[in-house]
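The values are calculated or read from the model by the stated rules, or taken from the named source; none is laboratory data. What you see is a predicted model; the values in this text were computed from it and never measured. Ideal geometry is used to build each Cβ from the backbone, glycine not excepted, and the neighbour counts take in all protein chains shown.
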Amino acid sequence: MAKVIVVTSGKGGVGKTTTSAAIGTGLALRGFKTVIVDFDVGLRNLDLIMGCERRVVYDFVNLINGDSNLNQTLIKDKRSDNLFILPASQTRDKDALTVEGVERVLNELKETFDYIVCDSPAGIEKGAHLAMYFADEAVVVTNPEVSSVRDSDRMLGLLSSKSRRAENGEKIKENLLLTRYNPERVENGEMLSVSDVEDILSIPLLGVIPESQAVLKASNQGIPVIMDEKSDAGQAYSDAVERLLGKDIPHRFLEAQKKGLLQRLFGGR
Amino acid sequence: MSIFDYFRDRKKSTPASIAKERLQIIVAHERGQRNQPDYLPQLQQEIIDVISKYVPIDREQVHVALDNQDDCSILELNITLPERP
């Protein structure tokens, strides 16, 4: 049975698309047939993060309108046979996505895929609403910062009231993914800690992604950061995917790295 | 950790703890509002309109709250009337 996972946050710039790309790729690399759907109509960016921007021919809105079929529209990832991308449209028409249209496309995708990862746009407008409406599970991406935490709580409220599952009296499984975490600043009392954010949002923690130079490096190249297996962020995302699949593994990268004498002297990172 | 850090750490409020405290308050407040039915603000307005037909009252002196206890909802209405001249 296909599972629909929405990656959402409310606030922009916290790492939804980076996370969608990483989790989708991680699931595909573990053998699950996965499609990542970009719901950010008008501001498509998943294609760039996945490195397939030059292969976009048709998009989500074309598919909904019947201008193209699934085979023509889905872009197959070059790194994994199990991974496909459904790009958002660049149209400025805000009403291009409809509940019926999205439901029809998702139902068609469910026939062939194990996981459907919905990359939500920021805000609480139509795109964000539709991205979460059909979800079975949610990954709430949060930065350890006041406005992001508040917006995440707002999204949790919407998930439990304005979704198909909520309307049917069922629950969406909620997961907290804390990104751009800086353990050094937490130790100095300058940044909210993992447990602070857990206390406030009180949902299960899926993972903590450290603030990392690897993320920009990966997006510059159009490679999901999870493919960078040597990087801290890549490993943290891999752990998160394992937990999403039900494995219980300890959290890493929560402590500041102790600097050695040489690092102290020369200020290297 | 130097001796100065030790003294600094003894200060109660770090930027992070202030952030946490502010968030806990605003999130609790917003959750309370989220759970109230949509008609509550309008109900409050209409009650104020009716009462002010008879008694001059201050908008701030009317409190409407809906409490849910198990399977029973309690609508609490609290109006402070002005002191008699």
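Details
- Qualifying residue in the stretch A:132-143 (condition: part of a helix (DSSP H, G or I), touching a residue at least 12 places away in the same chain (Cβ under 8 Å) and more than 14 Å from chain B (Cβ to nearest Cβ)): yes
- Residue count for the stretch A:155-165, restricted to those that are facing another protein chain (nearest Cβ under 8 Å) and at pLDDT 95 or above: 0
- Any hit, the stretch A:16-39, residues being charged (D, E, K, R) and crowded, with 24+ Cβ neighbours inside 10 Å: yes
To keep it simple, each residue is scored yes or no on (1) closer than 30 Å to residue B:23 by Cα; (2) modelled with pLDDT of 95 or more; (3) crowded, with 24+ Cβ neighbours inside 10 Å.
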{"residue": "A:42", "(1), (2), (3)": "no, no, no"}
{"residue": "A:67", "(1), (2), (3)": "no, no, no"}
{"residue": "A:121", "(1), (2), (3)": "yes, yes, yes"}
{"residue": "A:126", "(1), (2), (3)": "yes, no, no"}
{"residue": "A:131", "(1), (2), (3)": "yes, yes, yes"}
{"residue": "A:137", "(1), (2), (3)": "yes, yes, no"}
{"residue": "A:152", "(1), (2), (3)": "yes, yes, yes"}
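- Residue count for the stretch B:25-62, restricted to those that are within 14 Å of chain A (Cβ to nearest Cβ) and either part of a helix (DSSP H, G or I) or touching a residue at least 24 places away in the same chain (Cβ under 8 Å) (or both): 13.
- Residues of the stretch A:189-200 classified as more than 8 Å from chain B (Cβ to nearest Cβ) and either farther than 18 Å from residue B:26 by Cβ or modelled with pLDDT under 95 (or both), total: 2
- Residue that is surrounded by the fewest Cβ atoms within 10 Å (Cβ to Cβ), among those in the stretch A:166-188 that are polar (S, T, N, Q) and either within 12 Å of chain B (Cβ to nearest Cβ) or more than 17 Å from the chain's Cα centre (by Cα) (or both): A:168
- When residue A:91 is tested against (1) closer than 22 Å to residue A:237 by Cβ; (2) outside any helix (DSSP H, G or I), only condition (1) is not met.
- Any chance residue A:127 is more than 14 Å from every other protein chain (Cβ to nearest Cβ) and in a helix (DSSP H, G or I): yes
- Just one residue in the set A:98, A:112, A:8 is surrounded by 24 or more Cβ atoms within 10 Å (Cβ to Cβ) and touching a residue at least 24 places away in the same chain (Cβ under 8 Å); that residue is A:8.
- Cross-chain or 6+ apart pairs with Cβ under 8 Å, the stretch A:69-80 first and surrounded by 16 or more Cβ atoms within 10 Å (Cβ to Cβ), then of a type in the set (D, E, K, R): A:70/A:108; A:73/A:59; A:75/A:47; A:75/A:55
- Any chance residue A:131 is small (Gly, Ala, Ser), within 20 Å of residue A:18 (Cα to Cα) and touching a helix residue (DSSP H, G or I) at 6+ places or on another chain (Cβ under 7 Å): no
Each row is one residue, and each column tells you yes or no for (1) farther than 27 Å from residue A:204 by Cα; (2) not in a helix (DSSP H, G or I).
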residue	(1), (2)
A:62	yes, no
A:67	yes, yes
A:79	yes, yes
A:105	yes, no
A:152	no, no
A:155	no, no
